[in-house]
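A.B. asks: Mind having a look at this structure? Questions to follow.
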Amino acid sequence: MVYNGDDALPLVKGVIEGLLDKQGEQILKLDMRRLENAVCSYFIICHARSTTQVDALAESVELLVKRETGERPLHKEGLENCLWVLLDYGNVVVHIFQEEQREFYRLEELWADADTELVEENNRN
């Protein structure tokens, strides 16, 4: 299923919960819906301090999203080395970096025109 607009919010919520459950760091939600050339409605970006934690974050997101929404990623990349894992759910794309890779690629800066929200543990529902 491909989400659009506000239909993606339950998926976004599940992704964020999965990242918070495994202590994903500096979780950003980028709302791309108003951008003309956006590839999806939302990017969710975070980082981890080790490849083990990157893998745990990806697994947590997949399990929680499947349980809460019934959705599975349409495409996954990066699980071989866990430096940068991408989980593509259609209109929601999740980027889980190891800290050094996030600093190097600065993906959030490439999409600086997006509405960006820093997600914190105390914002959890």
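A.B. asks: I'm trying to understand the selection: among the residues of segment 87-117, which are under 20 Å from residue 17 (Cβ atoms) and part of a loop (DSSP other than H, G, I, E, B)?
C.D. replies: First, pick out the residues of segment 87-117 that are under 20 Å from residue 17 (Cβ atoms): 87-97, 116-117.
Of everything in segment 87-117, those that are under 20 Å from residue 17 (Cβ atoms) and part of a loop (DSSP other than H, G, I, E, B) turn out to be 89, 90, 91.
A.B. asks: So, in segment 54-103, exactly how many residues are touching a Ser or Thr at 6+ places or on another chain (Cβ under 6 Å) and surrounded by fewer than 15 Cβ atoms within 10 Å (Cβ to Cβ)?
C.D. replies: 0
A.B. asks: Let me ask you something else. Here are 25, 62, 17: which of them is touching a His at 6+ places or on another chain (Cβ under 6 Å), in contact (Cβ under 8 Å) with a residue 24 or more places away in the chain and not hydroxyl-bearing (Ser, Thr, Tyr)? Show your work before the answer.
C.D. replies: Numbers: 62 fails: touching a His at 6+ places or on another chain (Cβ under 6 Å); 17 fails: touching a His at 6+ places or on another chain (Cβ under 6 Å).
When all the criteria are applied, what remains is 25.
A.B. asks: For residue 41, which of the numbered conditions (1) more than 14 Å from residue 24 (Cβ to Cβ); (2) small (Gly, Ala, Ser); (3) out of contact with any helix residue (DSSP H, G or I) (no Cβ under 6 Å at 6 or more places or on another chain) fails to hold?
C.D. replies: Going through the list (1) more than 14 Å from residue 24 (Cβ to Cβ); (2) small (Gly, Ala, Ser); (3) out of contact with any helix residue (DSSP H, G or I) (no Cβ under 6 Å at 6 or more places or on another chain), residue 41 breaks only (3).
A.B. asks: Let me ask another. Among the residues of segment 97-108, is any modelled with pLDDT of 95 or more and in contact with a helix residue (DSSP H, G or I) (Cβ under 6 Å, 6 or more places away or on another chain)?
C.D. replies: Quick first cut of segment 97-108, residues modelled with pLDDT of 95 or more only: 97-106.
Okay, now just the ones that are also in contact with a helix residue (DSSP H, G or I) (Cβ under 6 Å, 6 or more places away or on another chain), so 98.
Yes, the conditions are met somewhere in segment 97-108.
The values are calculated or read from the model by the stated rules, or taken from the named source; none is laboratory data. The shown structure was predicted, so the numbers you read here are calculated from the model rather than taken from an experiment. Using ideal geometry, Cβ is built from the backbone for each residue, glycine included, and neighbour counts are taken over all protein chains shown.
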